[in-house]
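Quick notes on the structure that follows.
Rule-based calculations on the coordinates, nothing more; no lab input. Quantities reported herein were computed from a predicted structural model and do not represent experimental measurements. Every residue, glycine as well, gets a Cβ built from its backbone with ideal geometry; the counts of neighbours run over all protein chains shown.
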Amino acid sequence: MKDGLLMKISLRVVPFLVGWLSRLWFATCKVRVHGSEHRLNTLDNNKQVIVTFWHYSLLGAFQLLKNYNGVTLVSSSKDGDYIARLVENFGFSTIRGSRNNNGVQALKDLIRVARRGENTALVADGSQGPARVLQPGSILLSSRTGVPILPVAWGASKYVTIPSWDRTAFPKPFSTVDFVYGEPLLVPSGIKGEALEEYRLLLETRLNTLYEEMWGKHNIHEH
């Protein structure tokens, strides 16, 4: 019972503190936005999108996109409990699921949400990786709904990382952050097999190109 109470307190306190620190740190950063035309042609023009990004950039992505409402898929693991609370603190709704737990149902739920006209978001390399290797979820979601994928990435002049599989990154206070909106990708309806793999590789390449461009602005090619 004691452990359960500590878990409940931790779930309330930790995401709040991380969200508060994130807002504080980003407020001190100089943020340079690239590819604004892709945001202007979609989010700012009330056109629906599926936002996708690598797992390392999760905190920065939600911080920089906090003015846009949407629904995102979060792992159903215990670690995902904290991420879900954090994401909700930034104003997003969540659906829980992963490759090993309710993943298919979670994707179906996202499809229903997208068909209602809401923006959605997916971590491109999933909750378990490998890092910067695209999982097919966003491709399938676009193919089933006719909604384009908007890839985003960011890099920073100074940063810290968590020693995790994805090396989750946080910009240091007073650093320069470069954030980019990539060209939207619309996946044809009903693709499968080789066509699905072709689009998976295409989006993976685009995201990695954005990643390399943003970190390359600071002469950092692997954060």
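For a straight C-alpha distance cut-off of 15 angstrom, the aspartates and glutamates reachable from Lys108 (same-chain residues fewer than eight places away being disregarded) are Glu118. Loop-only GluC sites (Glu not before Pro) in segment 158-223, please: DSSP not H, G, I, E or B, and at most 15 other Cβ atoms within 10 Å. Answer by residue number: Glu222.
If you bin all the Cα-Cα distances of the chain at 10 Å, starting from zero, the percentages per bin are 8, 34, 38, 16, 3, 0.
When the Cα atoms of segment 19-92 are aligned to their principal axes, the ranges along those axes come out at 38, 30, 20 Å in descending order. Placing dummy labels 7 Å off each Cα toward the beta-carbon, the span from Ala195 to Ala131 is 3.5 nm.
Taking amide H as placed 1.01 Å from N in the peptide plane, Ile149 has its amide H under 5 Å from the amide H of Ile50, Leu185, Leu186, Val187, each at least 5 places away in sequence or on another chain. Cα centroids of segment 57-96 and segment 104-125: 13 Å apart. Expressed to the nearest 5 percent, the antiparallel share of DSSP beta bridges inside the chain is 35 percent. Taking amide H as placed 1.01 Å from N in the peptide plane, the amide H of Val31 sits under 5 Å from that of Val177, each at least 5 places away or on another chain. Using θ = phi - 60° in the Karplus curve 6.51 cos²θ - 1.76 cosθ + 1.60, the 3J(HN,Hα) couplings for segment 165-170 round to 4, 9, 6, 3, 10, 10 Hz; x is entered for Gly and Pro. For the residue pairs Lys66/Lys172; Lys78/Lys158; Lys30/Lys217; Lys172/Lys217; Lys47/Lys192; Lys78/Lys172, the alpha carbons lie more than 24 Å apart in Lys78/Lys158; Lys47/Lys192; Lys78/Lys172.
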